[in-house]
Structure formats: C-alpha cells, structure tokens
1. May I ask for the longest run of chain B untouched by trypsin sites (Lys or Arg not before Pro) that are loop-located per DSSP and have at most 15 neighbouring C-beta atoms (other than their own) within 10 Å?
2. Counting only other residues whose beta carbon sits under 11 Å from that of B:Tyr141, what net charge do I get with K and R as +1, D and E as -1?
3. Any idea which of B:Phe313, B:Thr333, B:Phe298 is furthest toward the positive side of the dipole for the range B:288-356, if Lys and Arg beta-carbons carry +1 and Asp and Glu beta-carbons -1?
4. Mind scanning B:Lys45/B:Lys225; A:Lys49/B:Lys212; A:Lys46/B:Lys258; B:Lys80/B:Lys212; A:Lys413/B:Lys154; B:Lys137/B:Lys205 and naming the pairs with a C-alpha gap bigger than 31 Å?
5. Checking the a/c ratio against 1.5 first, then a/b against b/c, what shape does the Cα gyration tensor give for the range A:45-95?
6. Hey, which of these cross-link pairs are over 31 Å Cα-Cα: A:Lys379/B:Lys108; B:Lys111/B:Lys306; A:Lys44/A:Lys379; B:Lys306/B:Lys339; B:Lys100/B:Lys308?
7. Add +1 for every Lys or Arg and -1 for every Asp or Glu among the other residues with Cβ under 15 Å from the Cβ of A:Glu453, and state the total.
8. In terms of the Cα gyration tensor, with a ≥ b ≥ c the square roots of its eigenvalues, is the range B:76-167 rounded because a/c is under 1.5, prolate because a/b exceeds b/c, or oblate?
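Throughout, read-outs are computed from the coordinates displayed, never taken from laboratory work. Predicted model only: the values in this text are computed from it and were never measured. Because the Cβ atoms are built from the backbone with ideal geometry, glycine has one as well, and the counts that use them run over all protein chains shown.
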Amino acid sequence: MSEAPGSASEWELSKENIQPLRQGRKFASLSAALKPHDGDEWSKIKEEKQLFEEELRTYSGDDPLDVWHRYIVWTEQTYLKGGKDGSLSVLLEKCLAQFQKVEKYKNDERYIDCWIKYANCCIEPQTIFVFMYDQNIGSQWACFYESWAWHLEQLGNFQRANSILQEGISREAQPLERLKRNYGEFQMRVARVMVSSEVPDTSEEVEVQRSALGHLKTTGKRSHVSSDRVNSLKAASQGGLGTKGKPLHQQRGQMFQVFNDENQAPVHSLPPQTGEWQSLPQRSVINKENDQKPGAWTKARVPQKSGVVPFHAVGGQSQPTFSVLEEDNPDLHIFTPRKVGDIGSQVLSARKPGKQMDPLLHVRMAVPSNSEPQPMYCKEKIYAGTGEFSFEELRAARWRKKMEMQVLETEQKEMKRLREELEQQKKMISEQSEMIKRQREQLQLDHEKMILEYQQQSQIRQIELDRKNNSQIQQQQEVLERSIDSHLQQQINSQTSFQVMQDTPSSNLNSRYYAVCVRITYCIPFDSTQKGLSNGTINRLK
Amino acid sequence: MSIFGGSNSFNQSSVFGATATNTKYNAMSDIEVASPPDDSVSCVKFSPGTLPSLTFLVAGSWDHNVRCWEVQQSGQTIPKAQQTHQGPVLDVDWSDDGTKVFTASCDKTAKMWDLNSNQAIQIAQHDAPIKTVHWIKAPNYSCVMTGSWDKTLKFWDTRSSNPILSIQLPERCYCADVRYPMAVVGTAGRGLIIYQLENQPQEFKRIESPLKYQHRCVSIFHDKKTNAPTGFALGSIEGRVAIHYVNPTSPKDNFTFKCHRANGTTNGMQDIFAVNDISFHPAHGTLSTVGSDGRFSFWDKDARTKLKTSEQFDLPLTSCNFNAQGNIFAYATSYDWSKGHEGFDTNLKPHIFLRSCFDELKPSMKKS
C-alpha cells in the first residue's frame, strides 16, 4: 500500500464531507479548502471573502452581477460542505432578489446560472423552475431546460422531462447542439430504463458472482455450505447489502400502476406562459391542498367514522364515547406569525432541521407596507452579501480606492513625466546628433573646400611656377641665345676675317644651329649651374 | 461672565454679535467652534477635569487631521494646535492627566500626541484601519487599547512597538468604551464582549446582543451610589438604544428604547435613523444620543423618559461629548455616510457646536 501524495490523500480522507457539484470542482480550490481551518490557507480564504464583500459594496460599474456571480462561484468552490457553511443560499437569495427587476439580466447566462444553483439548494426545485418558466427567465438557455429535465428525471417523471427538453429545442435554446445531444442521451436513458423494467434482471443472471456480506445458504444437519457459493448466495441476496445500482424510480414503477387519465390533454404540453405569476410563489399557495390547516390543538379531534374503527382498537366498546368534530368553518385560516430568519447573522440559534421553508421566501421582493418603518440608511449596502459593513467601512473602502487611484495616478504621472523627460532627452540627443552630423558635414564640406582651395592654390602656384620657370627659361634661353649669338657673332667676325669671301649668312646660320643642338644634346638644366655649364658649353664651343 | 453657568438662557448674539441668517445648519443656535474641520467629524472629546480652569476640546476628522481648541468659560474657542495622519482619523482619546491625546486612523496606526511639546509619535500598528482608541489607567499599569477592523484588540505600552497583549475578536471591532475596571467592545455580526481590566485585561463575558441590527456605538455608565461602572448603553444602526447592566439585579433592568425616528413625509411611514453616538453626563448620569436624522436627544435611563429633543440640523450628528464638569455639551454636525457616497453633499460644511447643558440634563423629577 503506497501512501498517496499529500493533497490527494487529504482529499481521499474527507471525501464524504464534500458536496458534489454537477459541474465538478477545481482540484486547487478543493485541496486549499480541505486544509485545517486555522492555517494560512484559511485566513487567505477569509481575506478573499472580505474582499468580495467589499467589492459588492463599492462596485460602481454597469455590470454589478459580475461581482455577485464571481462571489457565488467562488463560495461554491471554496465551501465544500454546502449548506449553511458558506451561506451560499443566502447569497443566492440576495443576488436573485436584487436583480429580479433588472431587465437586462433576465436572459443573462450568469443570472440563470444563479437561479439554477438556487433551485439545486431548494427542497422543491420544481417550484423555482416553474416560476422561472412563467416569468420567462432563462427561456433562451439550454442549461435551464437541461437542469429542469434532470430534476424531473430524478423524480421519474420522464414524460414531463421529455416535454421540457422538447420545448427547449423548439425554442432553440442556446447552445442548441448540446441540448439536442443531451436530449438524445436522455432518450437513451429512458429507453434503457424501460427495457430493464420490462425484462427484469436479465443482466444480473450473466454476471452473477459472490458478493460480500451476504448470507450463505446452508444444507444438511451440520449446516454445511456447498462449494457453489455463488448460486447459494443469490437466493439470500435480498437480505444482504444490495449491490444493484438500480435507481429508485425503476422499482417504484413496478410497485404500482400509475393512474393514467385518458381524457387529459397530452402531458407534454407545458402550461402557457402567462406571465401573470407576479408575486413569487409561496409554497403554501401552490401546495394549498396538501397542507394541513392549523387549528386549536386543545379541541382537535381525529375525524373518524364509527364503522371503520376495529373492535379491538376501541377496547371493546362498539360506539366511541366522543362526538366527532366536524369543522364548521374550514376556510378560517389563521396563520401563526412566522419569524423570518434574521438575514446575515448566525448569532441566534441555528435553523431547526427539517423545517419547511418557503423556497422563494427571501427572493420575493419585500413589498413595503405603509405601517412598516423605513430604515433611512443604505441598508442594501450595509447588509449586502453574507456579512455586514459599517458606514465607516464603506467610506474607508471608498477612501482607500481613491487613495489607490491617486497613487496610481501619481505613479502614472511620474511615469509620464519620466517618459516625457526621456523623450526630451532623446530629442535632445537626437538634436545633438543632428548637430554633430551637421557639423561633421560642415567639416566635410570645409575639408573638401580646403582641399579644393589647396588644389586650386597649388594649381595656381604650379601655373605661376611654370610660368616663372618658363619665363626664366625663356629669359635664359634668350640670354643664352643672345650670348650664343654674340659668340657666334664674334666667331663670325673672326671667321669673316679669314674667309670673307665665303658665303657668310649660311655659315652664320650653321653655327647658330650647332649651338642649339649642343644645348639640347647636353640637356643642360636651367639652374644655378646653368651659368657655369653654359659657360662650359660656351667654353667648349669656343 | 460665564456662559456655561447655571442658566441656559444666554443669548448667542452676546458672544458673536450678529446671529447667523441660515439657522438650519445651527438649528439650536448654539456656539460654533472656530475653524472647524474641513471634512466629516468622526469624534469630539473634552479634556479630563484634571485642570479645572482649562478646558480643551479635540476632534478627529476625515480630512486626516486632529484639532485641538481651548474652550473658554465665555464660550469662545481658540484653535491651539493640530496634527495630521496619513488617513482619516476615526477616534481620539485623552490620557488621564490631560497632557496627551491618542488618535486612531484609517492609516492603520495610532499616535500619541504630546500637547506640551506638540509632538506626535506612532504607538500602535494594525493590519487594518483602527476604529477605536482608549487610554487605560489602572493602579498597576497603564496602556492604550486599540480596536481594529483586522479583528484584533491590542494593548500598547506607549514606549514599545510591540503590543503587550493582543486579543482575537470574533469579528471586526465597531465600537468600544473603557471605564476602569471595565471595557466593552461591540463588533460586526452583533458581537458584544465585556473585558475586566484589573491586573491585566481579560475577557469577562460575551453577551448575546439585545439589538437586532448592527452595533454602532457603546458607552459605559456608572452606578449612582458606588460610582463603579455597572453597565453600558449600546446604539444600533436602526434607531434603537439598549441599556444593559452587566449584573442586573432583575432581568427587567435591561431594556431597549426607540430613538432617532421620525414620522415620514409619505403615508405616515416611520423613518428610522442610525444612532451615531452616545454620551453620559458625568454628574447626572443621564445620557445624550445623536443620530443620522440630524438631532440630538437627552434621556433619563432611570426614569426611562426623554428629557429633550433638538430641532433638526441640515446634516447628521456624528459625535457628542460632555466636558468633565458637565456644563458643556459638544456635538458635531457632518455627513456620516449613512446614505453612501450618493448622499454626500459637499456644499454642506461640517460644524462643531457647544451648548450649555447642565440644567437640561437634570434627571426627570416625575418619578424617583
């Protein structure tokens, strides 16, 4: 046997303390609620409850049902035992009464859910469903028809359940698909019940086996039990703990024949929705003929007919000595004043078990009678939910909300301010970067300009230099030419002295040509050495 | 001349010159306290009678402030000092020597305000707003008792940040009163617990509530002969006060009476209002109640008669108190949130009034 892990074992141990819900429970809330009632978990639950109570009173939006519904669902999930523990029915009553006259919630799924939950905790759920139907509450929702039919099915009233589901389908209650599927399943169940009630115990024969806690049939003087213990048990199984899981209504059906009024209109037609059922139905009104009327106890007699009284019962006397009271005025209807439970307080003694309460007693809108005193304070806020709040608490809750809002607002403002600052900084930075970019561009431009200028200058200088050089060269050339000329002249002069008869101009030309050729072939640079060189050249030429 | 002297036939105009034209806010033509709080007044209290020549009045308000006035015999009030909390102030009390004021606030703290140095220090901390604060002076100890909506009752030595004692309450604390050696606490869910304070605070007994609706205010009264606290008056949210003896000589001693009700304007329906505060007269043992209906009433609990009912003010009356000599009755008119925030008219300003009351509260002579 292995020990189950913590929370699972806890749940195993207290299974019977948990009210089962049709839609199931969340495991998280289940294990939290199962914790001992003094730990942290429990105080957290209390805290949560207090928060819900506060929210009920301080809610200011346009969907007040939302808070109620969340609170109700939470209560259902948290208070496992059902009943008075979490005051679920008180909550439901208040919720239903508060929103009964609110048109927009009449076909709100959450509101319908509340009604169904309320019907589930009532002794007579039928009353609630009939009232809902008459008031057209939830007639568009599949869950309404499903829950109603389910309750009727539990009672074995298949025909009516059938007609209700059909009504739902014909009204196209949403979600229609699910309703149809459920209707199909319902029909299957009904069929199965019909079959099993007609041919009893066929399945039982097949899988017969020995069960625990049964009597064994003995044989012989020494009361030996035969080795075939399965069959011997079968005969005695009626006395043991039954293992058959048959629903109650199956057997009930076999017990007696239900009278069927053949003249009656078909059962599956629902009563028309009159909407006339203005005041919520009291049990005493609907169930009038089944209730005994109250009368004076001291004078009460059991109405008896002398002929029916068996002889031995009256102790040998053939005639009763007392006169049978015939009620003169059976319509005289005296109600003993009923004490309405003080809502919202559990200080007084607990409600007595089994006391029949009108299921809609608290839901009914209190009609203010003229003589009744009117509380001149916001009673609905003070006594909303299951607890009570004082004026100061209401005000403090509002103050706290305001403070929180303020804190939030200042935080938001601060955030906004910071964001703005950031934005500004960003802007500044981007501006700076822009500026830097611009500066850089400027610099680039300047740089380019400078380069250009420099280039221009250098070009100009080059040009100047070139020009200068050129002019120098020219000058030098000229000087050179001149000097060559003069030399040539001199030479010519000297030559003419020797060869006067020779063709003078041509020789003169030749010598000049020669000089130029010399200069070119020697590639004489035009520099400081020029002079020397040219001197040299000249000397050589000489 | 003393305006709070034996006679109540003074004329307000003699003090302030001109009478106010709007009489609704001052329906009883009483003396207005100078520079009243800006928001609803949660509590007014007179200084104890240790300094007979000097009378001070403190008031806590929803504007987060506690104010202190000097009340002169002429009826003139001089604002003396004020202190601020982080949240609305819900209750104030004086130390027995009249040198310090204790304040309880929605900011979950209680403070001790030394009037001589005008310094306030935090002396208590709860997990929820603190609704009541009381100074306990016992022969062998003295401490401050705070009751909070966190469902605890804590006792504080004023020098330590930890409580000397913390008592778990069944529900949120709504009202409390202390008269050594007795303390009584009213809680939500109509809980009612009596503590005895001898040697150390201890639960004495729990009482089933004599009222059907929410507890709103409680005030302890003394026995006339022995001068020991013998019972308390408990005010309900729905127009009723219960007089309850801790050890009644006969069960008939305890009774409840209706108050702060009015014949409504339509169809003769009776309108019921909340009882906001109860205060006992120190000399006569008679009591005053103030209600959401904007009226104060004086009662004689022993003769079981009403002594007086005021005219109707334009605002509910939230708090009342008698001075130590019993010749001044102070009461505050301000919105008490009885109709939620929808009923809050910010145009109507809160006021505190002083009334000469010694003769008005003399016990009824009809039956004695």
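1. Details: sites that count: B:Lys24, B:Arg159, B:Lys212, B:Lys224, B:Lys225, B:Arg304, B:Lys366, B:Lys367.
Answer from the scan: B:25-158.
2. On the way: positive: B:Lys137; negative: B:Asp157, B:Glu198.
Here the charged neighbours net out to -1.
3. My answer, from the dipole projection, is B:Phe298.
4. Beyond 31 Å: A:Lys46/B:Lys258; B:Lys80/B:Lys212; A:Lys413/B:Lys154.
5. Because a/c hits 1.5 or more and a/b exceeds b/c, the range A:45-95 counts as prolate.
6. Table pairs above 31 Å Cα-Cα are B:Lys111/B:Lys306; B:Lys100/B:Lys308.
7. 0
8. Taking the square roots of the gyration eigenvalues as a ≥ b ≥ c, the range B:76-167 is oblate.
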